[in-house]
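Colleague: The structure is given below, and queries will be raised subsequently.
Nothing in this text is a laboratory measurement; each read-out follows from the coordinates by a stated rule. Computed from a predicted structure; not experimentally measured. Cβ: placed from backbone, ideal geometry, glycine included. Neighbour counts: every protein chain shown.
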Amino acid sequence: MPQAAASILQRMLIYALDALAAGLQEETSAYRVVRGWFDMFSGHVYCGIISTDSVKRFFSHSLTQILTHSPVLKVSDAVQMQREWSFVKTHTLLTTLYHRLFVMLGPEESVGCLQEVLETQEVHWQRVLSCVSSLVICFPEAQQLVKDWVARLMACAFESYHLDSIVTAFLIVRQAALEGPSVFLSYADWFKASFGSTRGYHHCSKKALVFLFKFLTDLVPWEAPQYLKVHILHPPLVPSKYRTLLTDYISLAKTRLADLKVSVENMGLYEDLTSAGDIAEPQSQAAQDVEKAILVFEHTGKIPVPVMEASIFRRSYYMSHFLPALLTPRVLPAVPDSREGFIESLRRVDKIPPSLYSAYHQACATAKDPQLENVAPGMRAEPGCAEEPLGPLMAALGELRAAMTDPMQYDVISAQMAMISERLSAALGHNKDDGTFERVKIQLNILAPKLERQDQTVVDLLLTAFCQNLMAASSFAPPQRQGPWAALFVRTLCGHRLLPAVLARLIQLLHHQGPNLSASHVLGLAALVIHLGEFKSTLPEVDSGPPAPTSGLPIPEFLYSLLTCRTRESLLFCLKFCTAAISYFLCKFSPQPHDALHSCLSPGLIKKFQFVVLRLFAQARVPHLPEDTASLSWRPLFLPSTDWYRAALSLWRRNNFQELLKEEFRLTYRDWLQLELEVQPGADVLSDAERQDFHQWAIHEHYLPQPSSLGGCSGDLEVACTILVSELMDFYQSSRSYDHSENSDLVLCSRTGNGDILSRLQEMAVDLELEQGPTTPHGCSSTQGHFLFRIFHKRLQALADSRDVTSSLRRQQELLMCRRLLLRLPPTVLIGNLQAGQPATPTCEEFFQLVNSELRNCCCHGGALTHDITVHFFRGLLSACLRSPDPSLTANLILTQCQTKCPMILTSALLWWSSLEPVLCSQWRRCFQSALPRELRRLQEAQQFASNFLSSDSASPAPHLPWVSAAALHFAVKEAEKEIIRRQLKRLECETEELLVSLLFFSLMGLLSSHLTPDDTADSLKAVDICAEVLSCLERKKVSWLVLFQLTETDAKLGHLLRLAPDQHTRLLPFAFYSLLSYFSEDTIIREVDFLHVAADMYFKLVQLFVDGKTRSTSPQVGRSLQLHGQSCLQGNPVELIREARLFLLQLIPQCPKQSFSNMAKLLASHGHYDPEVSATLLSRQQADPDLYQEPHLF
């Protein structure tokens, strides 16, 4: 009986296979018989009747019979015909049978059965290869199983030189690759990975090389053109001594392509080498290559590598097809677009012949029809032609939606997805999808995502279908019982070159149009993003460029970053999307292992959901008992009358969601600040009072007492302030805020954000001062310094080593942010707490250090700080005096420290004294009912001295500290009229030498400031005249002023002057020296032995400035011609200034006395290389005969 039954079953199977081979038509009796017989292979038919092992043995035997019945096809037939045996082109009855067999056997046993049959029996190659296609379509894990099987076959082939193994491996790889990149890697990628490096199978010996090329050569008569192209364009890596093996094969392959009338030279740059479609015409392929190359150029700013390679190695195609397609005449846009930029880049590297480029521009000048733009010859699209390929794709998507009534029927769903994949390739064009997906970053533009019209049409069709399918499937079953259709759909999207277009469209939908999406769209897109997380490890990262973060993000994290909470509308959309995505995930995948949880679900999504819920719902801020997970339902979310608030609160209270918050998904204080800073108060969902209450709860009730291990501050208010300041500065330095509102409450460094957070910082800073008390004993934590200055120092130190312009500008922006924060916080931050002791000593060291090292170079006006920071310091001084038992002593101590440690504060006070003095005097009298302290009176006296000097003819002696009086006089002179200046400065001879030299220094700084900010020509002329008058007075008094150009900070007498000017100004002193050359007297040059040394030093440094790029193209426009021995005057050009300075120096050298050269060796050793001729002249004169020296006659 068993033998008879087996014989009957075998005859029925043979009948069915023969009927299929004969071309079985639907609605025939034979079709119904075969379908009925195949239905008997459903595993559930035998449940409870026959043991599972018996059913598996029967199914395995049946699979063997299918694969071995009537082995009439040879390997050569398989090589030629296998592209017709893909899953979509195989009869549906046979693919259904395969699927039913695979379901019972499982993927591992199915592959094992295939392997055993191929190793031991003659096979029917069509059914074997169609079985491989069905296997990789039906089981996602089959891809790796097939890869491993092929690897074993290849290892066996090259170990024992077994021809059958390599034949089997090549056929299996090609067959699996036919199903598209979403299912299996392309043949081109596999061939490159197997033979394109020294790790290839063929690199073990010469015999292995011969074996490979003998096999490839034998295949040539039957090979399809696309495989020959792969072998030619991605040839095996061969040692140079065996190169003839490769060249012989390539010659043979090219001959075969020529016989097939296929040209390798005319093959496209981005052509699909493994496509089973027809070979594209060169003109058609060239147009697609141009569009692809322009897209790559637009994203990277560089000429694509394939274009550069083609211009060298495939010049025939490049010159005959690619360039004509690129240089199609058109009406050029007013603003050059990406195409024009690409053309210019090619021209600059001589990749476009000048004659061709000229002809292109002449043709563009006469072009009239804007429709010619971006259209290659013969590629003008007729109306509706772009829609033709979408008909079959729409039909396939409609059939998939019909199958959603039972989304668990895997065989129907997977077969339909294979059909959609093929129709999608046809809609995109085979040459647009090259079958490979290299893991390089996808370049996208968040602010203005660009999409081709055809791509957008296809993407919208796919996204709409996904959303509709989800809604249809959800009406029949919850997500956990919907089968793998959604994962298959998303994998199909990820496997095609359409992925960048899908992401660009998602940017438009989620970032720009989110609040306008319907509930079904929100649910569908949320589920789509969750499934993208499933394939995160296989997908490329996204780089959206500025203003988004420059580092690449995984695709799910990138998409979640598009959800913003700035306005009421965007925050409510974020609530909807997060609720939908998390609910779908918990229904679809829960419970999940820890690793799987992180791959599918992004912490960023969970944290945004927490932020929105805590912000919107006061009831979520109080502890509650988690609700039972079993009641979580997906159904209310997809109904039209979705109550998103209720759904979000219900999700928040679920036990399984609360469990997530025990992991790193918890919203920390730092995370909360980052999101809260983006909120725009004017468009917030909360009122001002509600927002303030929320901030108070979040900071003081929630995060401040929370342990640091859970993301809080462990009760430390200073830690809370430190984190807030760091995040505030990070926010305004980063590009998280893509939008810039003119009416925002807070605009710092061109960024907008929630200004209320700054108010919270001010409140916390005051609370922190109250905690520490008016004085701090020695040894307390405050000896480490104020937290604000520690943050500034750390951040500025991190930017200190960068030398490029971008980093320099970033550092300046950071400094401006530091200054703005200082001005927004209590002024006592600048002064610090009074140290305990007698007398109480203020601690200003940190602010002094910030001024001397940073603010002096960024936030000053050529020797003085800005008005706001100056006034803020003196407010802090008054506050310190109020807390001191001896206010006058405290003020005197602080200002005395300024004289030696931070003199710029005193010069700043003098500059703004007219507005500062009334406030200081009034507040001092009101608070202390006494006269001003001694040091403030001295500032008054210095200002009065300067005022009297310019307003009267009587000279009064300068008060205490000559450099302070000089600074006051300098600021007064800058505001006086030119005639008064010339008349009154002649009386300077009565003043002390230190005051005159200091005044010259301040005047030089004023001259350089007028050069660096040439707002008014009159200011430059005035600055030159002031310097000239002061210089003239010094020379009349025979006071040496050369020391100003050799100053160092260790100089006990004048070294403090260097701390009164920005470093940029002191670096430009050589420019000031030679700008005043025509005002130097001959007597000074004769009298001053050091003049030559200073002149040479200034010249070498001037050249160094020019070499380092530190000079500017505009020079001060002096009123008097700067002439040397009748030479032409200086005309505002650094090069001209250097030329004139060089000429002066060369004329000066021969006429200087020998003692002028006594200390020249060290200077020449360090700077002489900047001008070898001048160095040689100095050296020769130093070694010359003393009798050759003569008196100088320079003027």
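Colleague: Could you tell me which of 121, 75, 88 has its Cα farthest along the dipole of segment 57-162 towards the positive end, charges placed at Cβ (Lys, Arg +1; Asp, Glu -1), taken about the Cα centre?
Modeller: Toward the positive end, the furthest listed residue is 88.
Colleague: Starting from the Cα coordinates of segment 785-899, work out the convex hull volume and express it per residue in Å³.
Modeller: 103 Å³
Colleague: If you project the alpha carbons of segment 282-376 onto the principal axes, what extent comes out on each, in Å, largest first?
Modeller: 36, 26, 25
Colleague: Name the GluC sites (Glu not before Pro) in segment 973-1048 that are in a loop by DSSP and that have at most 13 other C-beta atoms within 10 Å, would you?
Modeller: Answer by residue number: 977.
Colleague: Obtain the nm distance between the two label points defined at residue 926 and residue 57 by a simple spin-label model: each point lies 7 Å from its Cα along the Cα-to-C-beta direction.
Modeller: 10.5 nm
Colleague: If you add up the charges near residue 57, with Lys and Arg at +1 and Asp and Glu at -1, over every other residue whose beta carbon is less than 15 angstrom from its beta carbon, what do you get?
Modeller: Neighbourhood net charge equals -2.
Colleague: Any chance you could run the full-extension gain for residue 762 through residue 1161? It's 0.36 nm times the residue separation minus the Cα-Cα distance, nm to one decimal.
Modeller: 137.8 nm
Colleague: PRE reach from residue 30 (point 7 Å along Cα→Cβ): which of segment 91-110 fall under 19 Å by backbone N?
Modeller: Backbone N within reach: 91-97.
Colleague: Note down the net charge around residue 923, summing +1 for each Lys or Arg and -1 for each Asp or Glu among other residues with Cβ under 15 Å from its Cβ.
Modeller: Local net charge: +3.
Colleague: Distance between Cα centroids, segment 863-909 to segment 1046-1070: provide it in whole Å.
Modeller: Cα centroid to Cα centroid, the span is 23 Å.
Colleague: Could you tell me which of 16, 132, 145 has its Cα farthest along the dipole of segment 2-180 towards the positive end, charges placed at Cβ (Lys, Arg +1; Asp, Glu -1), taken about the Cα centre?
Modeller: Farthest along the dipole direction, towards plus: 16.
Colleague: A further question follows. Which order results if 1004, 677, 246, 562 are arranged by neighbouring Cβ count within 10 Å, fewest first?
Modeller: So the ranking, lowest neighbour count to highest, is 246, 562, 677, 1004.
Colleague: Also, I was wondering about something else. Nearest 0.05, what FRET efficiency do residue 1136 and residue 347 give at R0 = 41 Å with Cβ-Cβ as r?
Modeller: Rounded to the nearest 0.05, the efficiency is 0.75.
Colleague: With a point put 7 Å past each Cα toward its Cβ, work out how far residue 852 is from residue 148 in nm, to one decimal.
Modeller: The answer from the label model is 6.9 nm.
Colleague: In nanometres, what is the gap between the two model label sites at residue 1048 and residue 335, each 7 Å from Cα along Cα-to-Cβ?
Modeller: 5.5 nm
Colleague: Here is a further query. If the only charges are +1 at each Lys and Arg Cβ and -1 at each Asp and Glu Cβ, what is the size of the charge dipole of segment 282-376 around the Cα centre, to the nearest 20 debye?
Modeller: 240 debye
Colleague: Quick one: dipole size for segment 785-899, taken about the Cα centre, charges +1 on Lys/Arg Cβ and -1 on Asp/Glu Cβ, in debye to the nearest 20.
Modeller: That gives segment 785-899 a dipole magnitude of about 320 debye.
Colleague: Arrange 949, 1002 by Cβ neighbour counts within 10 Å, fewest through most, would you?
Modeller: Result, fewest neighbours first: 949, 1002.
Colleague: Please compute P(r) over all alpha-carbon pairs of segment 891-984, binned at 10 Å starting from zero, and give each bin as a whole-number percent.
Modeller: Final binned percentages: 15, 46, 29, 9, 1.
Colleague: Right, something else. Below 8 Å between Cα atoms, with a sequence gap of 6+, how large is the relative contact order for segment 785-899 in percent?
Modeller: 26 percent
Colleague: Can you figure out the FRET efficiency of residue 89 with residue 481, using R₀ = 30 Å and their beta-carbon distance, to the nearest 0.05?
Modeller: So the FRET efficiency works out to roughly 0.40.
Colleague: By how many nm would the segment from residue 42 to residue 198 grow when fully extended, if each residue of separation counts as 0.36 nm and the alpha-carbon distance is taken off?
Modeller: Net length gain for the segment: 51.3 nm.
Colleague: If you average the C-alpha positions of segment 939-979 and of segment 217-242 separately, how far apart do those two centres end up, in angstrom?
Modeller: 90 Å
Colleague: With the alpha-carbon atoms as the only input, what is the per residue convex hull volume for segment 1022-1067 in Å³?
Modeller: Dividing the Cα hull volume of segment 1022-1067 by its residue count gives 86 Å³.
Colleague: Check which residues have an amide H placed less than 5 Å from residue 443's amide H, if you skip close sequence neighbours.
Modeller: 543
Colleague: Could you work out how much longer the chain between residue 1183 and residue 359 gets when fully extended? Use 0.36 nm per residue separation minus the Cα distance between them, nm to one decimal.
Modeller: Computed gain between residue 1183 and residue 359 is 290.1 nm.
Colleague: Cut-off is 10 Å between beta-carbons; in what order do 965, 60, 518 appear when sorted fewest neighbours first?
Modeller: Neighbour counts put them in this order, fewest first: 518, 60, 965.
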